[in-house]
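For reference, the structure discussed in these notes is given below.
The values are calculated or read from the model by the stated rules, or taken from the named source; none is laboratory data. Quick caveat: nothing in here was measured; it's all calculated off a predicted structure. Cβ placement follows ideal geometry from the backbone for every residue including glycine, while neighbour counts extend to all protein chains displayed. Only protein heavy atoms, including side chains, enter the accessible area calculation; ligands, DNA and RNA are left aside. Shrake-Rupley method; radii C 1.70, N 1.55, O 1.52, S 1.80 Å.
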Amino acid sequence: MQIDVTRDVFRLAQVFTISRGSRTEAKVLTVRINEGGVTGWGECVPYARYDETLESVTAEIEGLSGNLTRAALYDLLPAGAARNAVDCAIWDLEAKRAGCRVWDLAGLPAPKPEITAYTLSLDTPEAMQAQAEKHAHRPLLKIKLGTPDDMPRLEAVRRGAPQAKIIVDANEGWSAAVYADLAPHLVRLGVALVEQPLPAGEDEALIGMARPVPVCADESCHDRASLPKLKGKYDVVNIKLDKTGGLTEALALRDAARAEGYGIMVGCMIGSSLAMAPATLVAQGAMVTDLDGPLLLAEDREDALIFDAAGVHPPRPELWG
């Protein structure tokens, strides 16, 4: 079994800004695992918020050796970007060797298209209203917020897209006081969900607070080990494969979270269709699907995922799985 890691850069269609900064390109790692002339591949996005860099994740992957299995990866790598790319590459390799699709291997029904959110970058209220007007035809918009002065932005987006369903992502940017002040206005403006309003290390403040709009754990939820700390704070968990460490744990987290009564959101870092492909399996029947990474790119992989009025479609075998 041979493992190769390469760096790929995809230009973004426009500058993308969240509360932690801006970017103009997506830098990803592509992992290829070859065994017996068959190659499986996967993609990950190292994320600085979790102390990951392209160099550190590459070193983790290149440190692996021998004939890897998905089960063995749990002991070899922690949850995170490195394990994600390798886990997804192994799934792809297994499916190709077996001559079937990944969902058949996993014992899952064949996936169907899922409506995905489209993300509006953090900007001035005027610019965000213009973004909203441009994308008002989309059924679900996700707004990046996370400053003490977000009310004008939220009002502007609603004016720009009066009919769209809206979810809000604060990216840990609010204090408890700011969130408490905004919460009634989220209801008034028809916001369906708010992601990670408080920093992960300060979310104890959510216990006992009114949650008129469902609150989703993103930075506070990585894998199944995160679940005990979410009780009383959150209503929904955001499952991202770069946090869970791959499709294997993502499916397990989905089942465990549902068993504990949480709603499911399936999200992504900004990556190519290869990164989104495994997540389309996890997104089946989710409360919210947010797999718009390829829609934010100026360029994508060959045999890219199809996005249309039905949503994001499952991958063709030429891409993955």
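Data for the structure
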read-out	value
All positions within the stretch 49-82 that are in contact with a strand residue (DSSP E or B) (Cβ under 9 Å, 6 or more places away or on another chain) and loosely packed, with under 11 Cβ neighbours inside 10 Å	SER65, ASN67
Residue match in the stretch 7-18 (condition: without any contact (Cβ under 8 Å) to a residue 24 or more places away in the chain, of a type in the set (A, V, I, L, M, F, W, C) and open to solvent by 20 Å² or more (accessible area, probe 1.4 Å))	yes
Some residue of the stretch 84-99 being free of Cβ contacts under 8 Å to residues at least 24 places away in the same chain, in contact with a helix residue (DSSP H, G or I) (Cβ under 8 Å, 6 or more places away or on another chain) and more than 30 Å from SER121 (Cβ to Cβ)	yes
Condition check for GLY293: modelled with pLDDT of 95 or more, crowded, with 24+ Cβ neighbours inside 10 Å and touching a Ser or Thr at 6+ places or on another chain (Cβ under 9 Å)	yes
Filtered residues of the stretch 207-251 (kept if over 19 Å from LEU291 (Cβ atoms), open to solvent by 10 Å² or more (accessible area, probe 1.4 Å) and either at pLDDT below 95 or of a type in the set (A, V, I, L, M) (or both))	ILE207, GLY208, MET209, ALA210, ARG211, PRO212, ALA225
Helices (runs of 4 or more DSSP H) enclosed by the stretch 228-321 - at least 3 residues per element that are of a type in the set (Val, Ile, Thr)	none
Single unsatisfied condition, THR39 versus (1) of a type outside the set (Phe, Trp, Tyr); (2) over 13 Å from ASN84 (Cα atoms); (3) in contact (Cβ under 8 Å) with a residue 60 or more places away in the chain	(3)
Any pair with Cβ under 6 angstrom, 6 or more apart, that starts in the stretch 140-154 at a residue that is assigned to a loop (DSSP other than H, G, I, E, B) and ends at one that is of a type in the set (Val, Ile, Thr) and open to solvent by less than 10 Å² (accessible area, probe 1.4 Å)	LEU145/VAL168
Residues located in the stretch 184-206, provided they are surrounded by 19 or more Cβ atoms within 10 Å (Cβ to Cβ), of a type in the set (A, V, I, L, M, F, W, C) and assigned to a helix (DSSP H, G or I)	LEU186, LEU206
Pairs with Cβ under 8 Å, 6+ apart, first in the stretch 301-313 and in contact (Cβ under 8 Å) with a residue 40 or more places away in the chain, second small (Gly, Ala, Ser) and open to solvent by less than 30 Å² (accessible area, probe 1.4 Å)	VAL312/ALA283
Condition check for LYS27: open to solvent by 50 Å² or more (accessible area, probe 1.4 Å), in contact (Cβ under 8 Å) with a residue 24 or more places away in the chain and closer than 17 Å to LEU281 by Cβ	no
Which numbered condition MET276 misses (of (1) closer than 24 Å to ASP104 by Cβ; (2) more than 16 Å from the chain's Cα centre (by Cα); (3) without any contact (Cβ under 8 Å) to a residue 40 or more places away in the chain)	(2)
Residue ID - least open to solvent (accessible area, probe 1.4 Å), chosen from residues in the stretch 113-123 that are modelled with pLDDT of 95 or more and in a loop (DSSP other than H, G, I, E, B)	ALA117
Cβ-Cβ under 8 Å pairs, at least 6 apart or on other chains, the stretch 183-212 side over 16 Å from ASN171 (Cβ atoms), far side in a loop (DSSP other than H, G, I, E, B) and among the β-branched types (Val, Ile, Thr)	ALA183/VAL213; VAL187/VAL213; ALA192/VAL213
Which listed residue is open to solvent by 10 Å² or more (accessible area, probe 1.4 Å), over 25 Å from THR69 (Cβ atoms) and β-branched (Val, Ile, Thr), from ILE270, ILE264	ILE270
Any chance TRP103 is among the aromatic types (Phe, Trp, Tyr), buried (at least 19 other Cβ atoms within 10 Å of the Cβ), more than 20 Å from HIS185 (Cβ to Cβ) and modelled with pLDDT of 95 or more	no
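Here's the yes/no breakdown for (1) small (Gly, Ala, Ser); (2) under 18 Å from SER272 (Cα atoms); (3) part of a helix (DSSP H, G or I):
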| site | (1), (2), (3) |
| --- | --- |
| ASN34 | no, no, no |
| THR39 | no, no, no |
| GLU43 | no, yes, no |
| GLU52 | no, no, no |
| GLU55 | no, no, yes |
| ALA59 | yes, no, yes |
| ASP75 | no, no, yes |
